[in-house]
Each structure stands twice: as structure tokens, then as C-alpha cells.
Amino acid sequence: MANENSKILTVEREKQLRQPIDEYVGKIQKKIDDLRADGTEKVVSLQGDIDALKRDRIYTKEEKEAKLSQARAELEKAKAVESKNKDEVSKLIADAENYIKAHFEKDYYQPVCESCKAEMDAAKANYSKRVAELKQQHQQTISKLSDHQEIKDEKYVYKNRLFDAKMEYEKNVQEIKDRKHGAYSYRHHLLDMLRMSKFTFVETAQEKWENYKYKFNYKEFLLRNGLYIAIVIIFIGLCIITPILKNVQLLTYNNVLNILQQASPRMFLALGVSGLIMLAGTDLSVGRMVGMGMTTATIIMHQGPNTGMVFGHAFDFSGMPTPAKIVFALFMCILLCTIFTTIAGCFTAKFKMHPFISTMANTLIIFGLVTYSTKGVSFGAIESTIPSMIIPKINGFPTIILWAVAAVIIVWFIWNKTTFGKNLYAVGGNPEAASVSGISVFKVTVGAFILAGILYGFGSWLECVRMMGSGSAAYGQGWEMDAIAACVVGGVSFTGGIGKISGVVVGVFIFTALTYSLTILGIDTNLQFVFSGIIIVTAVTLDCLKYVQKK
């Protein structure tokens, strides 16, 4: 029974409130189960048997066909029974749902919610009372002590007692939350049994929202999303300040498109380096890869004969058809970038060399070779018709964005739907365990570097088309920091094995939008580096805090 002067329900009283619902819906459920026994349930079972038979290789072709024919014949009979009982089952389900709708909320769930609220208030009051009692006892004890060590011991005991009281309070709060959530979920359980796990979109959304509220922890929420919240606040501040200081609206359609255009080539670079960070590594050569790719693509797609030389030789691709030059430039960008990333990957995988060292070596080698071979000269512009062929604007919409979208989809598929992607997570999380389970750490590591090289090559080629050429060895300087920062801000952990493609996309957009906003505001480029550095340190700190908590 409930206490006379309280809304708090005992466990027995709660069961009594739920009993009429259990009895009414239970009787209907039994009738439905009886009707489904030779119909729906048998259909599901036989379909599973047929699928298993199709995969089974222990039978001859004739035996398999005979068994399949028999199972299909039984399936047709079961479907006939299911069809025959369909209307009656639907009526019974509707009857049960109407009863649940009329009685569950009013007769059961609301009293439980009121009880939980009263219990929560009582738990808070008891906790406050306990804290006050402990404080009073502590003060009384301290007043009687004079020895420094005894006072120190008493403070230690007092601190432990406060901690115990807090743990007891949090335990009571969790039990109350469990009770309320269990009461809410019981309705979902009843409908689940009646409908065989078929729910409407609204019901699914409501259940997800309830589960989110039940599991929500503000500390974990701030730890996961605090950086994003801060960046959004900063961006909103910039949107407010920019019109006042510069008389320019920041958040316009054209500005958004410009941000997306600038982000598109960088998306390829971030997607490439994210796979290496997943392996608890990094890549310092991204920017130099871009410079090499831009130079290569500009030389091949140059408008007319090249005036600049490579190792003393002037290349002339003017006789090659434009489509052939486009394809050849892309091929060479991917080939060169992949060669260097593969070399770095082999050193990393074979000799356990940290990617920081192998990619730093790549950085020096690439920059030295490209600068020496070209004497640091810029190779001018590419053919003016090429951008309109590859990234035309359709009604003002820049189609370069679609290239980035395609890259995101492909890499997402590789990460989430292929064996290589699953192995990537496994090796990044624990390479020793992955090796013991039969995964080739060498192949996965080199594969991640090869994938990165392909993406770098594609990204540098696309940037060349976007910028109409002007390739030089110095182009792309610092881009590796932007790519790495975007991954870190997007939640790809340097501890390895943790990360999502969606996070990488968000990270790229955040950094591109922030840089674009600060440029419009007239902030010096050097100060922009300061902002980026602060964001990177904050992101890595939060990532480390999450790792420490898990440990």
C-alpha cells in the first residue's frame, strides 16, 4: 500500500496497478500467439530454414532441391493460415492497443511518475540532511581536537563520509530513474509482443528520445560536445560582429557556397589522414603532397607549352587532347602521392617506425625534389576550359561539392562495410589483439597509407582545377595541420580505433568556416593560426580526458 501522506508507491502497490493491464493484454496476447503458431511464426521459421538451406553445402543439388521444395510447400500452407487469421489478429491487436491507450498512462504510468518525483524529492532532502549532520559532527569533533595530525585525520574521514553520502544519493537517484524508465518501457514491450516488433516512425522516435533522456549525463555530454558548442557560439558571435565592423553579412547563400567550395578539396586530404590517425599515427607530408600534385597537374594541363622546366626539361603536352590531359594529370597525381605514402607505410609497418618520422621524411624529400627539379618556379595556369568540364557551376551551384560528397560516401563505405574497414578499427584499437586474431597488421597499415595517397592525389588534382593551376612546390604549406586538426575536432582519436566519417566532415567544415569568417573579418593570418592551435589543443585535451575516463 502507498503511504497515507505520500505519493510514493511500494513495489507491491506498483504491481497491483499494473496487474489489470497485464491480465487484459495477456489474455489477448495468448489468443494472438495461438493464431500465429501455425501461421506467422511458422512463416518466419520456414523462411529462416530456406535461407539456411540455400547456404548449406552438405547436401547434393538434388537433395537440396527436394528439401527446398518441401519447405516451400509448407511455407505456402503457413502463409495461407497467416492470411486466414490476419483480420482476427488485427482486431485483437487493435483491442489490446485501445485498452493500453485508455488505461496505461492514466492508471499506471502517471502514478509511477508522481511516485518517482516524490522519491526524488525525498532522496534530495535526505541527502541534504545527511550532509548537514556530517558537517555538524565534523565541526564538533574538530573543536575538541588540538593535535595537527588528528585534525588532518578527521578532515580525511569527513571527506570520505561526504563521498559515501554522495554515492548513496546517486545510487538512489539511479534506482528511481531505472524505475521510471522501466515503467515507460513496459508499454513498448507490450506493443512489441503484439506487433512482432513493428512500430510507427513516431513511436520509434519517442522510444529513442526516452532512452536518450534516461542515459543522458551532462558531464559526458559536455565532454563530447563542449568544443562544438564553443565553436558554434564563436561562429554566432562572428555572424553578429561582422556586419557591425565590416558592414558585410557573413551567413549568406554565396558565402556558404564559398565555404563548401574551399572545403571540398580539403575533404579528400582529411579523409586520407583520418585513416592514419585511426591507426594511432599521423601524416606530416599532406601539404607537400598537395604542392607536388598541384605542380604535376599544372604541368600536364598547362595552357600551351610549359615555360618552366623539370630537371632541365620543358614538357609540352599541348598536342594531347584536353580530356586525355585531364585523365593523365589525375593518374599522375594519384601515382606520385601513392608511391610516397606507400613507402612511408612500409617503413611504418615493417620497422615499427612511428608515422611522425616516416611522413616527416616524406615531407623533406618531396619538398626538396619538387623545389630542386622546378627551381621553385610556378607553372602558370591550366587550360581555361578544364574547370568548366570537371567542376562546372549549374545555376550558380558549384559541382565541386559533389566530388567531395562522392569521396565521403566511398570512404564511409570502405570504413563501415568492408573487411578492410573493420580491420582498420581493430588494428587501431589494439594491434597485438588484431594480429592474434589473424588480421595482417602490415597489410592494413600499408593499405591505409595507400588509400591516403589516392585521396591526396585526387584532392591536389581537384585543387589544381579549382585554382586554375599556378602549381608550385610551396603550395599547400600548412595544409597537413588543417587536415589533422579537422580529424581531431571531428572526434578521430589519436589513441587509435575511434572515429567516424561524419566527424571528419564536421571537422573540415568547422575549420574552413572559421578561417573564412576570420578572413572576412580582417583578422591577420598569423592570428588565425593562434585560433587553430587553441582549437587543436582543446580537442586533443578533451579526447585525452575521454581516454583517461575509460581507463
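FYI, it's all coordinate maths here, none of it is from the lab. Because the structure is predicted, anything quoted here is derived from the model rather than measured. We place every Cβ from the backbone using ideal geometry, glycine too, and count neighbours over all the protein chains shown.
Going by average Cβ neighbours within 10 Å, how do the peptides 109-116, 234-241, 503-510 rank, with the highest at the top? Could you put the intermediate results ahead of the total?
Values: 109-116: 17.8, 234-241: 13.9, 503-510: 23.1.
Descending packing order for the listed peptides: 503-510, 109-116, 234-241.
Any idea what the dipole of the chain comes to, in debye rounded to 20, about its Cα centre with Lys/Arg Cβ at +1 and Asp/Glu Cβ at -1? Mind dumping the intermediate values first?
Details: 62 positive and 51 negative charges, 53 e Å.
Charge dipole, the chain, about its Cα centre: 260 debye, nearest 20.
Could you tally the net charge around residue 536, taking each other residue with its Cβ under 11 Å from the Cβ of residue 536, Lys/Arg +1 and Asp/Glu -1? Computed value for this residue: -2. Compared with the direct C-alpha span, the chain from residue 11 to residue 443 gains 149.8 nm at full extension, assuming 0.36 nm per residue. As a calculated quantity, the FRET efficiency between residue 23 and residue 88 at R0 = 30 Å, using C-beta atoms, amounts to about 0.90. Annotation: the residues 401, 142, sorted from fewest to most other C-beta atoms within 10 Å of their own C-beta, follow the order 142, 401.
Which entries in the list 42/213; 27/67; 124/159 go over 26 Å, if you measure between the two C-alpha atoms of each? Too far apart for the 26 Å limit: 42/213; 27/67.
Show that you can apply the helix-only estimate: for the chain, add -39,500 (n - 2.57) for every DSSP H stretch of four or more residues, divide by all residues, and state [θ] at 222 nm to the nearest 500. Show your work: numbers first, answer last.
Values: 19 runs with 427 residues, N = 551.
Helices in the chain give a 222 nm mean residue ellipticity of -27000 deg cm²/dmol.
The count of lysine pairs in the range 221-550 whose Cα atoms are under 24 Å apart, excluding pairs fewer than 8 places apart on the same chain, comes to 15.
Peptide packing: for 76-85, 279-288, 301-310, the average count of neighbouring Cβ atoms within 10 Å per residue gives the ranking 279-288, 301-310, 76-85, highest mean first.
For the range 11-216, what is the charge dipole size about the Cα centre, in debye to the nearest 20, if Lys and Arg each add +1 at the Cβ and Asp and Glu each add -1 at the Cβ?
Details: 43 positive and 40 negative charges, 94 e Å.
Charge dipole, the range 11-216, about its Cα centre: 460 debye, nearest 20.
Peptides 95-107, 155-167 ranked from most to least packed, by the mean per-residue count of other Cβ atoms within 10 Å: 95-107, 155-167. Scaling against 2.2 N^0.38 Å puts the C-alpha radius of gyration of the range 1-120 at 1.71. Across all C-alpha atoms in the range 11-216, the radius of gyration and Dmax reach 28.7, 95 Å. Here r is the Cβ-Cβ distance between residue 327 and residue 365 and R0 is 41 Å; the resulting FRET efficiency, rounded to 0.05, is 0.90.
Pull out the extension gain between residue 435 and residue 146, defined as 0.36 nm times the separation in residues minus the alpha carbon to alpha carbon distance; nm, one decimal. Spell out each step's value before the answer.
Working: separation 289, 0.36 × 289 = 104.04 nm, distance 6.20 nm.
Net length gain for the segment: 97.8 nm.
In this Cβ point-charge picture (+1 for Lys and Arg, -1 for Asp and Glu), the range 221-550 has a dipole of about 520 debye about its Cα centre.
Using bins of 5 Å that start at zero, the share of Cα-Cα pairs per bin across the range 396-551 amounts to 2, 7, 13, 19, 19, 17, 12, 7, 3, 1, 0, in whole %. Considering the range 221-550, its Cα convex hull presents a mean projected area of 17.9 nm². Note on the chain: dipole from Cβ charges, positive end direction compared against 320, 24, 139; the farthest Cα belongs to 139. Ordered by the count of other Cβ atoms within 10 Å of each Cβ, fewest first, 127, 253 give 253, 127.
Average projected area of the Cα convex hull of the chain, in nm²?
Its average projected convex-hull area is 42.6 nm².
Between the listed residues 430, 96, 250, the Cα displaced farthest toward the positive end of the dipole of the chain, a dipole computed from Cβ unit charges relative to the Cα centre, is found at 430. The H on the amide N of residue 310, modeled in the peptide plane, is under 5 Å from the matching H of 315, each at least 5 residues off or on a different chain.
Comparing 53, 163, 68 along the charge dipole axis of the range 11-216, the residue lying farthest to the positive side is 163, per the Cβ-charge model. For residue 381, the residues whose amide H sits under 5 Å from its own are 303, 470, ignoring neighbours fewer than 5 places away on the same chain, with H placed 1.01 Å from N.
Take the Cα of residue 178, go 7 Å toward its beta carbon, and the backbone nitrogen atoms of the range 210-253 under 18 Å from that spot belong to 211-217. The alpha-carbon of residue 144 sits under 15 angstrom from the alpha-carbons of these aspartates and glutamates, leaving out residues fewer than 8 places away in its chain: 153, 154.
In the chain, which whole DSSP H runs stretch at least 24 Å along their own axis (Cα) and average 1.0 or higher on the Kyte-Doolittle scale? Numbers along the way, then the final one.
Values: long enough: 11-37 (35 Å, -1.21); 61-103 (57 Å, -1.13); 110-143 (50 Å, -0.93); 148-195 (69 Å, -1.43); 218-246 (38 Å, 1.52); 253-278 (35 Å, 0.74); 322-351 (43 Å, 1.70); 355-374 (28 Å, 1.17); 400-417 (25 Å, 2.06); 441-466 (37 Å, 1.33); 501-521 (30 Å, 2.06); 525-550 (38 Å, 0.97).
Helices meeting the span and hydropathy rule in the chain are 218-246, 322-351, 355-374, 400-417, 441-466, 501-521.
Using 5 Å bins from zero, what percent of all Cα-Cα pairs in the range 245-388 falls into each bin? With a bin width of 5 Å, the distribution comes to 2, 9, 15, 17, 16, 14, 12, 9, 5, 2, 0, 0.
Full extension of the chain segment joining residue 72 with residue 230 gains 50.9 nm, where the gain is 0.36 nm per residue of separation less the Cα-Cα distance.
Once the Cβ-Cβ distance between residue 420 and residue 195 is put in as r, and R0 is 45 Å, what FRET efficiency do you end up with, to the nearest 0.05?
Numbers: r = 39 Å, r/R0 = 0.86.
E between residue 420 and residue 195, to the nearest 0.05, is 0.70.
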